[in-house]
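A short worksheet on the structure shown next.
The values are calculated or read from the model by the stated rules, or taken from the named source; none is laboratory data. These numbers come from a predicted model, not from an experiment. Every residue, glycine as well, gets a Cβ built from its backbone with ideal geometry; the counts of neighbours run over all protein chains shown. Note: areas computed on protein heavy atoms with side chains; ligands, DNA, RNA excluded. Shrake-Rupley method; radii C 1.70, N 1.55, O 1.52, S 1.80 Å.
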Amino acid sequence: MGRPTALLLLLAFLTPGAAIRVPPAMKALSSLRWSTSFTSRGTVAKKYSIHYIQQKVNHFGFDADKTFKQRYLIADEHWKKNGGSILFYTGNEGDITWFCNNTGFMWDVAAQLKAMLVFAEHRYYGESLPFGNKSFTDSRHLDFLTSEQALADFAVLIKHLKKTIPGAKNQPVIAIGGSYGGMLAAWFRMKYSHIVVGALAASAPIWHFGNLVPCGVFMEIVTKDFKRSGPNCSETIRSSWDAINRFARTGAGLRWLSENLDLCTALTNTQDVQNLKAWISETWINLAMVDYPYESDFLQPLPAWPIKVVCQYLKNPSVSDAQLLQNIFQALNVYYNYSGQASCLNISETTTSSLGTQGWSYQACTEMVMPFCTNGIDDMFEPHSWNLREFSEDCFKQWGVRPRPAWIITMYGGKNISSHTNIIFSNGELDPWSGGGVTKDITDTLVAITIPEGAHHLDLRARNAFDPTTVLLARSLEVRHMKQWIRDFYANQRKKH
């Protein structure tokens, strides 16, 4: 939540009956790489080394023969062996180099925390495939794709680093993650508190399970983002669904939609229209997630405050169907063709290929079951109820598995987490995932930081001249807590000696 790309789970209920497209002796091998990431301030070079560790495919069984190579990255330019720390990124559903390049906060604070940066890739994503190209062939090969196994990978990796890197053994480790990675960071601190001294869980919807929050809260926040960004913007989007439906009644209407929305593949049937509407819905959702105050290319190349730009085309819901949908096309183009290089719009693609949609689809069908619903009144989408039975059938058709909707709450405690300590939950008020996040302090050490002008884990992104004051304050609070955890760790060490 990343984001999680759990937003892809939305497609399961936006496109009923369609395949789940659900909104990735221990010997380390290493090589050195210069990585370049781009921000609106220009080019920032990031220097890290690439390593691999042999991990057990199943940490909770005793078949020692089955192992795989997990990839991780290390940047130690600012690390100090005396009084330093280790910031450990709990990798989520995608290629770890992509998350490394989009988590500038860790690079920005490394010097003041004297920190070694470690970015660990999540099993079944990027290069960390337990069964190579057979990893996604069936549920038997996918059975080891769980958050519990991923956390165990992280724990084993940290023990390995402390054992093999001189000076790391007696240093505090802080888990950091965003979206699903933020959930993992929080859960890592809960389950392995002897390994990490604290966690920063950014935009982590740990309560978007079962009935812990209303299933409609996510889409209501998306709608609020559009409502605040331009007059009649959300109302125009709400009107567009019926306009599409009216055009879709005839073959000529389908041809008109295909041509005027500049689709790469022509619409020919009802299922195509459902897919089109799901794709448009996901576009609005993605825009809400990445409504950043500066140009960015996290999911797609986008302008600053992209929803405001989109809403310039969506000012009047009362125009003719044809005009309304031509305006929708202009708005979609902000997301899909800001660079001006797209020759047509492909309704099977909404995000960067760096995100592992296959793996997340399976996770959403097993333990990461996040309910979504819409009513078309409190939100700008067509009404869809959350139907677990239908979702379960779709999962079974695709993966041969049934979801366990209550398991995450059983495993990680749901809202009963007050016995844990040292977790920061940060959320941006613009981020739809904040609806399933922790937005109020639970105890003195389970703290919530809210960023009024923040979208999806804005605080984890690199410093930028256009950052709102609220995110600067959030980051300074996060660093203050981390410094306290580090001080406490070293104070306790001195007491022991």
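Calculate the FRET efficiency for N387 and Q493 from the Cβ-Cβ distance with a Förster distance of 56 Å, rounded to the nearest 0.05.
0.60
Note the full-extension length gain between N245 and K134 as 0.36 nm times their separation in residues minus their Cα-Cα distance, in nm to one decimal.
Full extension from N245 to K134 adds 35.9 nm.
For the stretch 111-203, run through the GluC sites (Glu not before Pro) and keep only the ones in DSSP coil with at most 16 other Cβ atoms within 10 Å of their Cβ.
Within the stretch 111-203, the qualifying GluC sites (Glu not before Pro) (loop, at most 16 other Cβ atoms within 10 Å) are E127.
Round to the nearest 0.05 the FRET efficiency obtained for K163 and S320 when R0 = 60 Å and r is the Cβ-Cβ distance.
0.30
Can you give the extra length, in nm with one decimal, that the chain gains between Q271 and E429 once fully stretched, where that is 0.36 nm per residue apart less the Cα-Cα distance?
Going from the current span to full extension adds 53.4 nm.
For K47 and Q330 in the same chain, what is the full-extension length gain: residue separation times 0.36 nm, less their Cα-Cα distance, in nm?
Difference between extended and current length: 97.9 nm.
Would you calculate the separation in nanometres between label points at S348 and K397, each defined as 7 Å from the Cα along the Cα-to-beta-carbon direction?
1.7 nm
For the chain, which cysteines have no second Cys with its Cβ under 4.7 Å from theirs?
If one checks each Cβ against the other cysteines of the chain, C100 turn up with nothing under 4.7 Å.
Could you state the per residue volume, in Å³, of the convex hull enclosing the Cα atoms of the chain?
About 142 Å³ per residue, rounded to a whole number.
Report the Stokes-Einstein translational diffusion coefficient (µm² s⁻¹, integer) for the stretch 127-166, Rh taken as the Kirkwood radius over Cα pairs, at 10 °C with viscosity 1.306 mPa s.
137 µm²/s
How large is ³J(HN,Hα) for each residue in the stretch 452-463, as worked out from phi by the Karplus curve 6.51 cos²θ - 1.76 cosθ + 1.60 (θ = phi - 60°), to whole Hz, x for Gly and Pro?
My calculation for the stretch 452-463 gives x, 9, x, 9, 5, 5, 4, 5, 8, 7, 5, 3 Hz in order.
Carbon and sulfur atoms: what percent of the 1.4 Å accessible area of the chain do they account for?
50 percent
Based on the mean of other beta carbon atoms within 10 Å per residue, what is the order of 342-348, 226-232, most packed first?
Result, highest mean first: 226-232, 342-348.
With a 10 Å radius around each residue's Cβ, average the other Cβ atoms per peptide and rank 206-217, 266-277, 108-119, highest first.
108-119, 206-217, 266-277
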